[in-house]
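First up is the structure itself, then whatever we jot down about it.
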Amino acid sequence: MLRGNKTLPYVIVLAIVSYLYFVATKIDFVAAGGRIGPDVWPKAILVLAMVACVYEIVKNLLFGKADRDLEGVLGSVLKEVPMDAVPAEPEGASYPHLLWTGIAMTILYVVLIEMLGFFLCTVIYLAAFMWVGRYRRLGVIVATSLIGSLAFMFMFMKVVYVSLPLGVEPFAQVSFLLMRAMGIR
């Protein structure tokens with residue numbers, strides 16, 4: 001018998017993902033110039049989902065105990081932090097203005113991406129989102145925004161071959177410079 005509620009969802013998802021993979025094998029596309037085509041990405045994602053499901057099923061069947069929950073990384077880190085070092089949040093604290101600010105920033109991102117280009121707009125968006133989310137380590141914000149935006153740009157344009165907005169002049173020059181530096185054509 002499957003171990004209660006822990007394994008069954010993975011079995012169901014595995015069945016659905018397996019069917020979707022079967023459907024994806026029917027995609028007929030010949031990629032030009034030795035490049036991978038758009039038929040590869042759905043299959044790759046579905047294979048990763050199947051691997052994750054099989055891993056969880058095996059883990060739950062062989063090592064899982066219904067009465068034992070393993071502590072995650074965050075739990076082990078929080079055990080080591082003295083409780084007086086963690087600022088106390090008021091009981092039932094709610095910050096709806098942060099939610100609305102995040103929604104407004106996302107809408108502004110969509111509006112400005114054509115003008116500023118993907119890279120510049122994403123750097124600003126990520127940095128602002130972290131700041132609004134009350135994270136205040138400026139060095140980490142700048143590094144994460146820059147590295148994250150470069151990683152997204154590289155992944156989308158060089159690996160997945162998605163054309164991203166370059167922006168209007170003079171902002172487009174930043175996009176062209178980064179594309180040359182990353183070997184994107």
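The values are calculated or read from the model by the stated rules, or taken from the named source; none is laboratory data. This one's a predicted model, so the numbers in the text were calculated from it and none came from an experiment. Every residue, glycine as well, gets a Cβ built from its backbone with ideal geometry; the counts of neighbours run over all protein chains shown. Accessible surface areas use protein heavy atoms only, side chains included; no ligands, DNA or RNA. Shrake-Rupley method; radii C 1.70, N 1.55, O 1.52, S 1.80 Å.
For the reader, a short list of remarks on this structure follows.
- In the stretch 124-153, the residues that are at negative phi and crowded, with 17+ Cβ neighbours inside 10 Å form Cβ pairs under 6 Å with partners that are hydroxyl-bearing (Ser, Thr, Tyr) and outside any loop (DSSP other than H, G, I, E, B), at six or more places apart or across chains, as follows: Tyr125/Tyr109; Leu126/Ser145; Ala127/Ser145; Ser149/Thr122.
- Just so you know, in the stretch 154-172 the residues that are assigned to a helix (DSSP H, G or I) and of a type in the set (A, V, I, L, M, F, W, C) include one that is surrounded by the most Cβ atoms within 10 Å (Cβ to Cβ), and it is Met157.
- Within the stretch 15-58, the residues that satisfy the criterion of being in a loop (DSSP other than H, G, I, E, B) and under 20 Å from Met155 (Cα atoms) are Ala31, Ala32, Gly33, Gly34, Arg35, Ile36, Gly37, Pro38, Asp39.
- In the set (1) farther than 30 Å from Leu166 by Cβ; (2) modelled with pLDDT of 90 or more; (3) not aromatic (Phe, Trp, Tyr), the condition left unmet by Leu116 is number (1).
- Condition met for Val86 (among the hydrophobic types (A, V, I, L, M, F, W, C) and at pLDDT below 90): yes
- Only a single criterion out of (1) open to solvent by 60 Å² or more (accessible area, probe 1.4 Å); (2) within 22 Å of the chain's Cα centre (by Cα); (3) among the hydrophobic types (A, V, I, L, M, F, W, C); (4) at pLDDT below 90 is not satisfied by Val13, namely (4).
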